[in-house]
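The values are calculated or read from the model by the stated rules, or taken from the named source; none is laboratory data. Because the structure is predicted, anything quoted here is derived from the model rather than measured. Virtual Cβ from ideal backbone geometry, glycine too; neighbours counted across all protein chains shown.
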Amino acid sequence: MFRIAHLSDLHVLSATGVEWRRILFNKRITGYANLLLRRGRTYRRDYLRAVLAGAAAQADHVVVTGDITNLSLETEYEVAHALLKDVARSAEVTVVPGNHDIYLPAVHRRRRFPYHFAEFLHSDLPQFARDLPAGPFPCVKLRGPVAIVGLSSAVPRPPFVSAGYLGHVQLAALAELLAHPEVARRTPVVLIHHPPVDARWAMIRLHDGLVDAASLRRVLSRLSRGLVLYGHTHIRVRCRLATAFGALEVVSASGAALDHPNDAVRAGCNRYEVDEDGRVAILDACVVDPLRHDLRPTVITERQSCL
């Protein structure tokens, strides 16, 4: 069995505090206000360390579906890289960016995400990767019965907007990649930050969702099986998305450091297994026990419909 641990939304905070010159007069000031009002009390580094250690011990491959940093500050990138480097000593790591990792146009232009996380973005079929500011996407890792496919939906947005976008160039490359024989004979595990399925009103999706989610689903509709893993929503749920030839398991992970009374939101990671024939088993999630600070199992809430 090939074991996968799925984390998301680490929101690693700067270890040295915030330099005002880095946040004044740009979108970071809104994120910092949110940090002061709410996120600083609910995202806990001790919980995150417990989740990372548990994921590394239980999986062959750890995948992180974005929002690794909180304000895409250099110090946050450095701390996050060190945390993931520790995980990589026990399990392979693949990451994709979230909107908090590409918080400002300058961060995007200067390619800070691939600069810090290039070692986790290696692709076994680099000819399909497009040279995006967020890194080489789509990237794919061919591992036993699975093809782990990373996508970037992270683009800079104005204040109070956090929607994502893949774009036709990346989607066209994804379609070609999924048709490659080495990918087609494996079970695809697609990683993206923003939700590929979203039942909310169109105006809400334009503000906070994946703008071209329908286009992504059209590309994925050619698959007969697979996993689609995402984050962003800070709640772990699962559903089955019908395709022209079968169905895909679509699963979200909550914040990996969140202190919350609801197990569907509490800090933890999801666990999946794929057997040698490519069959997927969604096991459960492990969440932090608030008393012992170790991990305990919990179920992943299942929705009847993805859309």
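Observations
- Criterion (charged (D, E, K, R), outside any loop (DSSP other than H, G, I, E, B) and surrounded by 19 or more Cβ atoms within 10 Å (Cβ to Cβ)) met by exactly one of Arg217, Arg240: Arg217
- Restricting region 227-237 to residues that are surrounded by 19 or more Cβ atoms within 10 Å (Cβ to Cβ) and among the β-branched types (Val, Ile, Thr), the residue that is modelled with the lowest pLDDT: Thr233
- When residues of region 281-303 are limited to those that are part of a strand (DSSP E or B) and over 16 Å from Ala253 (Cβ atoms), the one farthest from the chain's Cα centre (by Cα): Arg296
- Within region 88-103, the residues that satisfy the criterion of being farther than 17 Å from Leu166 by Cα and either over 16 Å from the mean Cα position of the chain (by Cα) or of a type outside the set (A, V, I, L, M) (or both) are Ala88, Arg89, Ser90, Ala91, Glu92, Thr94.
- Pair list, Cβ < 8 Å and 6+ apart or interchain, from region 145-173 residues that are in a loop (DSSP other than H, G, I, E, B) to residues that are of a type in the set (Asp, Glu) and surrounded by fewer than 17 Cβ atoms within 10 Å (Cβ to Cβ): Pro145/Asp275; Pro145/Glu276; Pro145/Asp277
- The single condition among (1) closer than 26 Å to Gly144 by Cα; (2) among the hydroxyl-bearing types (Ser, Thr, Tyr); (3) surrounded by 21 or more Cβ atoms within 10 Å (Cβ to Cβ) that Ser224 does not meet is (3).
- Residue match in region 86-97 (condition: modelled with pLDDT of 95 or more, under 20 Å from Phe2 (Cα atoms) and touching a Lys or Arg at 6+ places or on another chain (Cβ under 8 Å)): yes
- Region 44-78, subset at pLDDT below 95 and part of a loop (DSSP other than H, G, I, E, B), residue surrounded by the fewest Cβ atoms within 10 Å (Cβ to Cβ): Arg44
- Taking the criterion of being closer than 18 Å to Val228 by Cα and of a type outside the set (A, V, I, L, M, F, W, C), the residues of region 145-166 that qualify are Pro145, Gly150, Ser152, Ser153, Gly164, Tyr165.
- Screening Thr233 with (1) touching a Ser or Thr at 6+ places or on another chain (Cβ under 6 Å); (2) part of a strand (DSSP E or B); (3) of a type in the set (Ser, Thr, Tyr) gives one miss only, at (2).
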